[in-house]
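Written out below as structure tokens is the structure these notes cover.
The values are calculated or read from the model by the stated rules, or taken from the named source; none is laboratory data. For clarity, every value in this text was computed on a predicted model and none was experimentally measured. All Cβ positions, glycine included, derive from the backbone under ideal geometry; neighbour counts span all protein chains shown.
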């Protein structure tokens, strides 16, 4: 699901103006949607936990911090934390390569949402944040791979 959201945002960001990375756009949409749903403090706690989990898989995230209000600081500033190419084969297999810290972070955040909110509510929140995206979740049979 993380790859699908990042792919959608990467396509939405095709313009002549410089924009923030697809990872940051996905994160910010999740932050706005979830903060409205559960409150800022709840989102901050969830984002901090997701970032902690992602840091063990992506060393480039060690410079990233969750700031007050849940905003991310430092994403994209690490040496190997460049915006990765989206590979749908890896999406299907659940595999990540070094330098894909943003994807891993979004995947961990979505996984925690699925765990705490359940698959149906998580998908409903995602559909509200991305009304034009195809979010038929064929990969989340157990609710943990949202």
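Residue-by-condition table, conditions (1) more than 16 Å from the chain's Cα centre (by Cα); (2) modelled with pLDDT under 75; (3) surrounded by fewer than 18 Cβ atoms within 10 Å (Cβ to Cβ):
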| site | (1), (2), (3) |
| --- | --- |
| 41 | yes, no, yes |
| 58 | no, no, no |
| 68 | yes, no, yes |
| 78 | yes, yes, yes |
| 95 | no, yes, yes |
| 136 | yes, yes, yes |
| 141 | yes, yes, yes |
| 145 | no, yes, yes |
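Looking only at segment 118-129, how many residues end up being assigned to a loop (DSSP other than H, G, I, E, B) and either surrounded by 16 or more Cβ atoms within 10 Å (Cβ to Cβ) or modelled with pLDDT under 90 (or both)?
Residues that pass the stated criteria total 0.
Conditions: (1) modelled with pLDDT of 75 or more; (2) closer than 17 Å to residue 57 by Cβ; (3) in a loop (DSSP other than H, G, I, E, B). Residue 132 meets all but one. Number of the miss?
(2)
Any chance you could count how many residues in segment 32-48 are out of contact with any strand residue (DSSP E or B) (no Cβ under 8 Å at 6 or more places or on another chain) and either more than 15 Å from residue 117 (Cα to Cα) or not in a helix (DSSP H, G or I) (or both)?
Qualifying residue count for the region: 4.
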